[in-house]
């Protein structure tokens, strides 16, 4: 359990170990297997997997750098919740990127009609 009282060293290796990179890594593996089994090879799914893999790779490198790669904390559910938050953030970012053109097309039409955008 992490003790965040004043004067506590948060880098204490006995208290602060995380496995949050497991969630985006699992999502990458599941996404890749699903795409291969369904025979879907679209760009959107490919980029989602790349973004998830990037999130997982960042977590692995960070934890390796800090010597915490395979250590599991006593509060592992909180670690997995953090991984879920990271994965959700990746999904939201991917959704914004994928929907950007669909959301901007009406604005382009209006701009063309009033002569702002050619």
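Values in this text are rule-based calculations from the coordinates and carry no lab data. As the structure is a prediction and not an experimental result, all values here were calculated from the model. Please note: Cβ atoms are built from the backbone with ideal geometry, for glycine as well, and neighbour counts cover all protein chains shown.
As a length-normalised measure over Cα pairs under 8 Å and 6 or more apart, the relative contact order of segment 22-114 settles at 38 percent.
Spacing of the modelled spin labels on residue 113 and residue 33, each 7 Å from Cα toward Cβ, amounts to 4.9 nm.
Stretching residue 97 away from residue 50 to a fully extended chain increases their span by 15.6 nm, per 0.36 nm per residue minus the current alpha-carbon distance.
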